[in-house]
1. Using only the alpha-carbon atoms of the chain as identical scatterers, what base-10 log of I(q)/I(0) does the Debye formula give at q = 0.07, 0.09 Å⁻¹?
2. In percent, how large is the relative contact order of segment 67-139, given Cα pairs closer than 8 Å and 6 or more residues apart?
3. Taking the Cα centre of segment 1-152 as the origin, how large is its charge dipole in debye, to the nearest 20, when only Lys and Arg (+1) and Asp and Glu (-1) carry charge on their Cβ atoms?
4. Please list 3J(HN,Hα) in residue order for segment 232-246, calculated via the Karplus relation 6.51 cos²θ - 1.76 cosθ + 1.60 where θ = phi - 60°; whole Hz, with x for glycine and proline.
5. Using modelled amide H (1.01 Å from N, peptide plane; none on Pro or chain starts), what sits under 5 Å from the amide H of Thr132, excluding residues fewer than 5 places away?
6. Expected output is a single nm value to one decimal: the length gained when fully extending between Asn326 and Gln14, i.e. 0.36 nm times separation in residues minus the C-alpha distance. What is it?
7. For Phe300, which sequence-distant residues (separation of 5 or more, or a different chain) have an amide H within less than 5 Å of its own amide H, given hydrogens modelled in the peptide plane?
8. P(r) for segment 74-183, please, calculated from all Cα pair distances in 10 Å bins and given in %.
Amino acid sequence: MPLVCLTDFQAYAQEHLSKSTWDFIEGGSDECFTRDDNIAAFKRIRLRPRYLRDVREVDTRTTIQGEEITAPICIAPTGFHCLVWPDGEMSTARAAQAAGICYVISTYASCSLEDIVATAPRGLKWFQLYATSDRQLNKQLVQRAEALGFKALVITVDTPKMGNRRCDFRNQLDLQRNLLLKDLRSPKERHTTPYFQMSPIDSSFCWNDITWLQSLTRLPIILKGILTKEDAELAVKHNVHGVIVSNHGGRQLDDVPASIDALTEVVAAVKGKMEVYLDGGIRTGNDVLKALALGAKCVFLGRPILWGLAYKGEHGVEEVLNLIKNEFHTSMSLTGCRSVAEINQDLVQFSRL
């Protein structure tokens, strides 16, 4: 039976992955309210289609940070892809390159940055950084990513401490002890430490450190995890190039707003001075359209990419991306949008239910 929607890939992955791996991928923090509300919140938004428009040609292309992508649907940073497919992030990178979209590679990738770049040299790649307490390691990672051709630096800001992920506690999951990760340092240094040591996340990392990072690199800096107008305004003040409205897939602080519910506040706060993106809860082409109508420049997929990877590796990720891109094309056609530029807030309304 063909897989015809993202939830079909979800069901396949749940059936074929180990319980601890599935729980790690799907788990949220505490009661998982925010994880589930990320999806439910999209259903509280209705579309307002416009008809009798010539939609024989619909163009899904757009740009992020000046780089063209085939659709405003990209891959969010998630770690440990080798948990679900042997080639891990290398397979994901090849699929992203084939699809013509951006892949944000995690600090906790289970393949080396060099191998990922080598396997998909033409793909648009951003690097996601968890700021650790080792300043020198942070500097090395940022400068190495720039030297390897990454086009932006994504700083995850919502993780001064890991969230309370009950499933991982129940499964006694210890990624540092049980996963053999490729060392993220340069190949010349690997003989000293065979596997990447998961340095503690720096809980003191603050706005002043953004300025320090800007001094290390020419790459545009994107902040991932912004949920309020106050932090959005500070991002503008600190001259970053973009923000990703995100609650970490509901894996950090529970009971915060769904990403789509926080989007309008953040978009209004930045006043067009930077690009705003969104992740969390995207499951259909309609969801993509709603996010763009409310001001997102692009959306990023997290868990669905891992479901595709678990299905057929590189080809499974390609299927997931092609499926939601086709759904988005249909959504544009059926609402009368011939280009991404025509998607605006008039296309949506919030349900009273």
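1. -0.27, -0.46
2. Working: 109 pairs, mean separation 23.7, N = 73.
Relative contact order here is 32 percent.
3. Numbers: 17 positive and 19 negative charges, 129 e Å.
Its charge dipole is roughly 620 debye.
4. Values per residue, Gly and Pro as x: 5, 5, 5, 4, 4, 4, 8, 6, 7, 9, x, 9, 9, 6, 7 Hz.
5. Asn138, Asp202
6. Working: separation 312, 0.36 × 312 = 112.32 nm, distance 2.42 nm.
Result for the pair: 109.9 nm of gain on full extension.
7. Those lying under 5 Å, H to H, from Phe300 are Cys74, Leu278, Asp279, Gly280.
8. Per 10 Å bin, starting at 0, the Cα pair percentages come out as 14, 45, 33, 9, 0.
The values are calculated or read from the model by the stated rules, or taken from the named source; none is laboratory data. If you're wondering where the values come from, they're calculated on a predicted model, not measured in any experiment. Note that each Cβ is placed from the backbone with ideal geometry, even for glycine, and that neighbours are counted across all protein chains shown. The accessibility values were calculated without ligands, DNA or RNA, using every heavy atom of the protein model including side chains. Shrake-Rupley method; radii C 1.70, N 1.55, O 1.52, S 1.80 Å.
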